[in-house]
Amino acid sequence: MAKLKVASLFCGCGGMDLGLVGGFTYLGKDYKENPFEIVYSVDNDPYCTKIYNANFQHKCIVKDVREINIADIPEFDMLIGGFPCQSFSISAQNPPRLGYKDERGMLFFEMVKILRERQPRFFIAENVKGLLSANNGKAFPMILNEFRAAGYKVIHKLLNAADFGVPQKRERVIMIGFRDEKDLVKYHFPMHVRQNERKVLGDVILEEANQEENLFFSDRAVAGMMAVREKMNKGRVMRLDEPCNTISAHLAKVSLNSTDPVFMVGDRYRRFSAREAARIQSFPDNFAFEMVSQGRQYKAIGNAVPPILMWNIVKPFQDVLKVPALNIKEIKDEFPDEIVSNKFHEDGVESDKNVLISYVKNDTIEMFLDGSINVYYTGKKFPSTVALNKLYYFMPYKKGKGIRDLYLIKIARVGSKHEVHPECDENDFRLVFEVEFVKQLFDDFYMIDLPIWHTFKDTTMKEILSIRNQNQNLI
Ligand SMILES: C[S@@+](CC[C@H](N)C(=O)[O-])C[C@H]1O[C@@H](n2cnc3c(N)ncnc32)[C@H](O)[C@@H]1O
């Protein structure tokens with residue numbers, strides 16, 4: 001499946017981005033790669049971006065999103081962002097919640113601006129639970145309205161990371177926008193994982209952290225906490241057999257006199273190490289944080305979207321992106337003889353004509369190369385996005401190698417494999433292209449970076465020629 005291109009705002013150290021792209025292992029379970037690739041990411045914090053850049057192939061830029069030149073963002077299909085949430089959060093009572101009137105609260109407008117101008121197919125926005133009640137409940141509907149006015153059908157749900165295999169109770173509002181209703185109806189928020197796949201704090205505590213004396217609170221701090229414990233509900237000792245309470249960016253300054261989660265080893269209190277915090281957030285152990293100070297690590301980790309929560313949110317996109325197959329029998333009824341018949345124009349390749357790129361097995365391509373075949377039978381499941389009446393050129397895509405030669409589709413029709421293989425069923429209908437070699441376009445097979453799946457609908461020769469001109473010696 002071709003990968004969708006994603007632009008990521010407020011990317012932080014990359015929790016959300018990691019979950020989106022997938023391809024990592026956490027507590028012995030593989031979280032497979034998803035059909036997304038990040039093509040643009042930005043955050044204005046030079047420390048979390050340092051962590052991001054050490055862990056992702058794609059490098060993010062350090063910039064205030066308000067200073068982005070929207071036209072500079074390369075082409076993308078999805079915008080993601082956990083817009084800064086401090087001003088919406090119920091833990092930010094002092095100063096009181098300002099919500100969308102506060103400058104930081106306004107940052108979600110930057111997402112809206114980009115959506116309005118660039119109209120990607122999807123967006124995913126994430127925020128704290130407090131967003132739902134911020135500004136006496138006025139901020140959230142206002143935000144949804146802004147997203148809708150930008151041209152999106154928006155669905156939202158409050159999800160708890162603990163329900164998806166993260167050892168932490170962390171509730172987040174997830175908003176997903178679809179430009180096209182047809183995509184929306186195919187998406188469903190993820191189901192909770194089974195009970196035996198849930199994780200608890202005890203699964204991620206590291207024995208070696210018990211040896212780190214600086215993680216333990218002093219006797220004085222403990223005595224201070226004990227004095228006010230009952231009254232203030234302080235000293236939140238976490239149970240090992242449950243998911244941890246929400247950890248925050250405040251982790252670096254965890255004190256016993258706060259509501260921050262802490263942990264007990266024997267009769268001593270300690271805070272989590274940065275690696276334990278990363279594990280509580282479901283970062284895999286090979287995600288590196290050590291290029292910045294401990295304090296910066298805690299901050300970036302505490303701010304992150306748990307990768308496994310995001311992985312579960314995007315997994316159902318497989319259903320959204322699946323391209324249903326053409327009903328070839330119906331096409332036969334509509335076009336009993338032929339779908340198109342084309343003639344080659346002597347004045348050269350026409351750049352405005354559509355080109356269809358199709359996978360061809362290695363043995364079949366040899367027959368194309370030696371001229372012993374000029375008919376291409378599509379597979380049974382030809383995608384429904386094909387613009388039948390626009391079929392004009394054809395380029396066989398050699399598995400693992402890419403494209404090279406250009407053919408004209410002289411005739412496209414519905415036929416049956418029975419024509420050439422009498423042993424096959426007469427009703428085994430396929431699209432059939434009777435093709436004619438035009439020219440070798442690339443000097444060797446070339447692996448194009450083009451969503452092949454889309455070429456069934458909307459790839460013109462102009463795009464292929466420009467890829468060829470940028471990458472190959474002209475022939
Ligand atoms: C909630 S965190 C996002 C965490 C990230 N999604 C993750 O999963 O790791 C919000 C991020 O917004 C960034 N930020 C705040 N104001 C910004 C601005 N004006 N421009 C760019 N980034 C900003 C912060 O540095 C922080 O990393």
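Condition test on residue 68, is it more than 8 Å from the ligand (Cβ to nearest atom), in contact (Cβ under 8 Å) with a residue 12 or more places away in the chain and surrounded by fewer than 21 Cβ atoms within 10 Å (Cβ to Cβ)?
yes
Restricting to the range 121-152, what's the tally of residues that are within 24 Å of residue 306 (Cβ to Cβ) and either more than 16 Å from the ligand (Cβ to nearest atom) or hydrophobic (A, V, I, L, M, F, W, C) (or both)?
14
If you check 373, 467, 448, which single one turns out to be of a type in the set (A, V, I, L, M, F, W, C), in a loop (DSSP other than H, G, I, E, B) and without any contact (Cβ under 8 Å) to a residue 24 or more places away in the chain? Give the steps one after another, and end with the answer.
Numbers: 467 fails: in a loop (DSSP other than H, G, I, E, B); 448 fails: without any contact (Cβ under 8 Å) to a residue 24 or more places away in the chain.
Result: 373 is the single residue among 373, 467, 448 that is of a type in the set (A, V, I, L, M, F, W, C), in a loop (DSSP other than H, G, I, E, B) and without any contact (Cβ under 8 Å) to a residue 24 or more places away in the chain.
Output the residues belonging to the range 276-296 that are more than 22 Å from residue 163 (Cα to Cα) and not aromatic (Phe, Trp, Tyr).
The answer is 286, 288, 290, 291, 292, 293, 294, 295, 296.
Please determine whether any residue of the range 263-272 is touching a Lys or Arg at 6+ places or on another chain (Cβ under 8 Å) and at negative phi.
yes
Residue 267 is checked against (1) surrounded by 14 or more Cβ atoms within 10 Å (Cβ to Cβ); (2) over 30 Å from residue 116 (Cα atoms) and fails just one. What number does that condition carry?
Here residue 267 clears every test but (1).
Collect the residues in the range 1-42 that are among the small types (Gly, Ala, Ser), away from the ligand (no atom under 16 Å from the Cβ) and at pLDDT 95 or above, keeping them in residue-number order. Talk me through it step by step, then tell me what you get.
Restricting attention to the range 1-42, the residues satisfying the condition of being among the small types (Gly, Ala, Ser) are 2, 7-8, 12, 14-15, 19, 22-23, 28, 41.
Subset that is away from the ligand (no atom under 16 Å from the Cβ): 2, 23, 28.
Within the range 1-42, 23, 28 qualify.
Could you tell me which residue of the range 157-173 is nearest to residue 201 (Cα to Cα), considering only residues that are crowded, with 19+ Cβ neighbours inside 10 Å and out of contact with any helix residue (DSSP H, G or I) (no Cβ under 6 Å at 6 or more places or on another chain)?
The qualifying residue nearest to residue 201 (Cα to Cα) is 162.
If only one of 289, 272 is surrounded by 18 or more Cβ atoms within 10 Å (Cβ to Cβ) and either modelled with pLDDT under 90 or in the same structural domain as residue 24 (by TED's automatic domain parsing) (or both), which one is it? Outline the logic, then answer.
On the way: 272 fails: either modelled with pLDDT under 90 or in the same structural domain as residue 24 (by TED's automatic domain parsing) (or both).
Exactly one of 289, 272 is surrounded by 18 or more Cβ atoms within 10 Å (Cβ to Cβ) and either modelled with pLDDT under 90 or in the same structural domain as residue 24 (by TED's automatic domain parsing) (or both), namely 289.
Only residues that are more than 22 Å from residue 159 (Cβ to Cβ) and of a type in the set (Gly, Ala, Ser): list them for the range 293-334, please. Before you say what the answer is, go through the steps one by one.
Filtering the range 293-334 down to residues more than 22 Å from residue 159 (Cβ to Cβ) leaves 293-299, 322-334.
Those that are more than 22 Å from residue 159 (Cβ to Cβ) and of a type in the set (Gly, Ala, Ser): 293, 295, 325.
Which count do you get for residues in the range 328-360 that are part of a loop (DSSP other than H, G, I, E, B) and surrounded by 12 or more Cβ atoms within 10 Å (Cβ to Cβ)?
9
Taking residue 21 and the conditions (1) within 15 Å of residue 308 (Cβ to Cβ); (2) surrounded by fewer than 19 Cβ atoms within 10 Å (Cβ to Cβ); (3) of a type in the set (Val, Ile, Thr), which numbered condition does it fall short on, given that it satisfies the others?
(2)
The values are calculated or read from the model by the stated rules, or taken from the named source; none is laboratory data. Keep in mind the model is a prediction, meaning the values are calculated, not measured. All Cβ positions, even for glycine, are placed from backbone atoms using ideal geometry, and neighbour counts span all protein chains on display.
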